[in-house]
Amino acid sequence: MYCRWYLDNLNYLKELKTQFDNRVYLPLTRNMTTTDSDTENVKDYKSGQEKTKPILEYRHSCPDITDLYDYTDLRNIVGRLGYLRDRLSHLLEDEGEIDVDLFSVNSAFDENDNKADQRFLRLVPDILVKLNNAATLAQQWLDIAATKEFDAGTRLTKLERVKTILGDRLANINNEIQSKQKELSVEAGDLKELRKREERSNSISSQHQSLEIKVNRSLEKIDRAVKQISDIEDLITTAAGNKQFTSQLNQELKKKRRELNELNQNLKILEFEREITTEDLCLELEIKPELIRLTTNLQEKCQNLESILEAMRLEKERLELALKPVIDDESKAHTEAEDKQN
């Protein structure tokens with residue numbers, strides 16, 4: 001007698017679960033997805049969930065986005081209900097040994113009871129608990145879904161508001177990008193000039209070293225020319241009796257004195273250039289620390305501007321991705337409104 005009662009109740013619960021699937025769960029599933037197939041596992045709770053994911057980043061700044069696109073709460077309810085249905089299906093349809101791990105905590109018996117008895121005594125109450133929880137979750141599903149249902153006019157108004165808000169932000173970010181790009185262009189130009197100024201300091205230093213070498217070489221040539229003139233003068237004194245030889249030596253002496261004069265003139269020019277270069281080099285060495293400081297600061301500023309621009313470009317991409325489904329949905333809403341009018 002007890003076994004018959006037990007089996008009758010179990011069959012009743014199976015029928016109750018079937019009724020729940022056909023009259024509650026599957027109709028809800030069809031409403032929440034774009035497919036009409038009687039799927040038992042809801043993997044996507046809103047058509048185009050991945051497509052609308054970028055727009056949810058801006059839901060805190062625009063309540064209409066939450067109304068139109070945020071299905072987080074519904075996703076949680078659907079996930080919990082799907083999990084519950086799976087456990088119900090295993091308990092009701094599995095012909096093997098009853099898995100006590102599938103029982104709900106709310107249907108627990110005294111731990112001192114025989115575990116074998118618990119499997120049978122606890123099965124029917126546990127299924128009732130699960131069905132009651134399923135009904136509660138289904139009602140929550142309906143309540144949340146009701147907050148997402150809007151008439152055509154209200155939905156279109158909300159879409160237009162979202163489009164305006166995101167469109168304004170996109171326009172602002174575009175203006176900011178242009179402004180920062182101009183600022184970066186100016187700063188980069190100044191940085192280029194400062195680096196050229198640093199290169200000038202290196203150039204003056206090289207020029208100064210080159211002039212030092214030229215002055216030293218010129219002094220060596222002058223020393224040789226002076227010695228050659230002294231040697232010729234000694235020869236003239238020694239060969240005083242030989243007029244022809246003396247005449248040749250005098251001509252050579254004049255030539256060497258002209259060369260010495262040219263060398264002295266060239267040395268004066270080189271020393272003048274070296275003096276100017278030395279003054280320039282001293283000035284460069286004096287201002288070089290400041291140039292390095294300015295260059296470093298400007299380089300850091302340029303790097304900071306580049307980082308800001310990169311972040312702005314990423315924000316622009318996110319806004320464009322967020323706007324796309326809104327524009328598509330607004331277009332569809334306008335089309336549907338026009339079709340209804342016609």
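Which one, Val186, Leu323, Asn242, projects farthest toward the positive side of the charge dipole computed for region 183-342 from Cβ point charges (K/R +1, D/E -1)? Of the listed residues, the answer is Asn242. Taking label points 7 Å from Cα along the Cα-to-Cβ direction, Gln178 and Leu56 give a separation of 3.5 nm.
Charges on Cβ only, +1 for Lys and Arg, -1 for Asp and Glu, centred on the Cα centroid of region 166-302; of Ser205, Cys282, Leu294, which one is farthest towards the dipole's positive end? The residue sitting farthest along the positive end of the dipole is Ser205. Please compute the modelled spin-label separation between Cys282 and Asn250, points set 7 Å along Cα→Cβ, answer in nm with one decimal. According to this spin-label approximation, the distance is 4.9 nm.
Sorted from longest to shortest, the spans of the Cα atoms of region 169-341 along the three principal axes equal 135, 33, 15 Å. Relative contact order, whole percent, for region 169-341 stands at 43, derived from Cα pairs under 8 Å and 6 or more residues apart. Pairs from the table (Lys221/Lys268; Lys148/Lys324; Lys53/Lys163; Lys221/Lys256; Lys53/Lys324; Lys192/Lys288) lying more than 18 angstrom apart at Cα are Lys148/Lys324. Within the set of other residues whose C-beta is less than 13 Å from the C-beta of Ser201, count the net charge using Lys and Arg as +1 and Asp and Glu as -1. Computed value for this residue: -1. Placing pseudo-labels 7 Å out from each Cα toward the beta carbon at Lys332 and Asp234 gives an inter-label distance of 11.2 nm. Taking a straight Cα-Cα cut-off under 18 Å and skipping sequence neighbours fewer than 8 places away in the same chain, the lysines within cross-link reach of Lys243 are Lys254.
Computed from the coordinates by the stated procedures, all read-outs in this text should not be read as laboratory data. Every value quoted in this text rests on a predicted model; they were computed, and no experiment measured them. Every residue, glycine as well, gets a Cβ built from its backbone with ideal geometry; the counts of neighbours run over all protein chains shown.
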